[in-house]
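Input: a single structure, listed below in C-alpha cells.
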Amino acid sequence: MNPAGAAPVGTRERILQVAADLVARSPDGDVSTRAVCEAAGVGAPALYRHFGDKEGLLSAVVDQGFDRYLATKRDRTPGTDPVRDLREGWDTHTDFALRNPNLYRLMNSPAMRTPPAAALESHRILTGDLRRAAEQGKLRLAPELAAQMIMSANVGVCLMLVSRPATFDDRTLSRRVRDAVHTAVFVPGVMAATATATDTGTGIGTGTGIGTGEAGAPGGGRSGSGSAAAAPGTASASGAPTAGRGEATVPAAAARLGALLRGTAGPALTGAESALLGEWLDRLANATPDRP
C-alpha cells in the first residue's frame, strides 16, 4: 500500500522493486518468477509482458542497481586532485559491494551477456579521472589501460569479499589491493607522496592500508621546511611528481601528452594524424619494460 498522498506505483515498477528486494534477501541471490509474482500481487502474464522472461527481469534489476551505484558518481564535482578522487572512487565501489552483496554478484554475473549502459558509463567516469591524472603527469600508463587494470582489480577483490567472506576476511584487503594497483599505474612521485603524507598522518601501523583519502593526497604531506627541495622519486613543493634516479620517464611523458592531445585537439594536425599520434603515444605509454 502506498503512503497517503504518494503517487501510485505502476505494475512494472512494483514488480521490479519486489524482485530487487527478494534478490537482496535471498540466501543465494536467486529468485523465482513465481515468488516475484506472488509478492507483487500480479499474474505471470503481467511479468512476462513487462520483462519478457526471468533474464529480462534480472537485467532490469541490474540496471537499477547500476543506477543506484552511479548516483553518487554522477552528482560529485571532480576535485583538483584526480588521485584522491580515484582512491575515494575505489573505496566507494567496495562499500557499495559490501552493502549489496547479492545485487553486486548479479551485476557482475557472466549470465548478464550484454553490459548495461550504466556499466559502460561507470568505466567512462573512471577513465575520465585517469585522463585528468595523466594531464598532470601522474600516470605512467595510457588512461585506457590503467582503467582496465583498476576496474578489473576492484571488481575482482569485491567479488571475493562478497562471495567468499569466510576466506577473504581481512578488512584491509581492499585498500591493500587498491594501493598495489595504484602503485603500478601512477608515477613513483605520486605514491611516495602518499606514503610521506601517511607517515605524518593516520595510516602507518594501524593495519588499515595506506592512510585515508586526505592523507593520501599527492603533495599533501608536511615537511620541515617549505623551501626544501624534493627528493628524487617524491613530489615537488607544488605537488607535481618528480622522476626518481634511473626511472624511465618516457611512458609517463607519453601518457601525459596523449591525454593532453585528446583533451585539446587543435588545428595543427588532421584527424587522421591525431589518431596516428595517439596510437604511437599509447604504445609508448603501455610498453612493458625489457627485463634481463
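The values are calculated or read from the model by the stated rules, or taken from the named source; none is laboratory data. This one's a predicted model, so the numbers in the text were calculated from it and none came from an experiment. Virtual Cβ from ideal backbone geometry, glycine too; neighbours counted across all protein chains shown. Just the protein is used for accessible areas: all its heavy atoms, side chains included, with ligands, DNA and RNA removed. Shrake-Rupley method; radii C 1.70, N 1.55, O 1.52, S 1.80 Å.
A few notes on this one:
- Residue pairs meeting the criteria (Cβ under 7 Å; at least 6 apart or on separate chains; first over 27 Å from Ala287 (Cα atoms), in the stretch 112-139; second crowded, with 18+ Cβ neighbours inside 10 Å and of a type in the set (A, V, I, L, M)): Met112/Val62; Pro116/Val62
- Residue that is most open to solvent (accessible area, probe 1.4 Å), among those in the stretch 39-90 that are of a type in the set (Ser, Thr, Tyr) and touching a residue at least 24 places away in the same chain (Cβ under 8 Å): Ser59
- Residue match in the stretch 19-38 (condition: closer than 30 Å to Lys138 by Cβ and either at pLDDT below 90 or open to solvent by 30 Å² or more (accessible area, probe 1.4 Å) (or both)): no
- The set of residues from the stretch 133-162 being among the small types (Gly, Ala, Ser) and either under 29 Å from Leu257 (Cα atoms) or assigned to a loop (DSSP other than H, G, I, E, B) (or both) comprises Ala133, Ala134, Gly137, Ala142, Ala146, Ala147, Ser152, Ala153.
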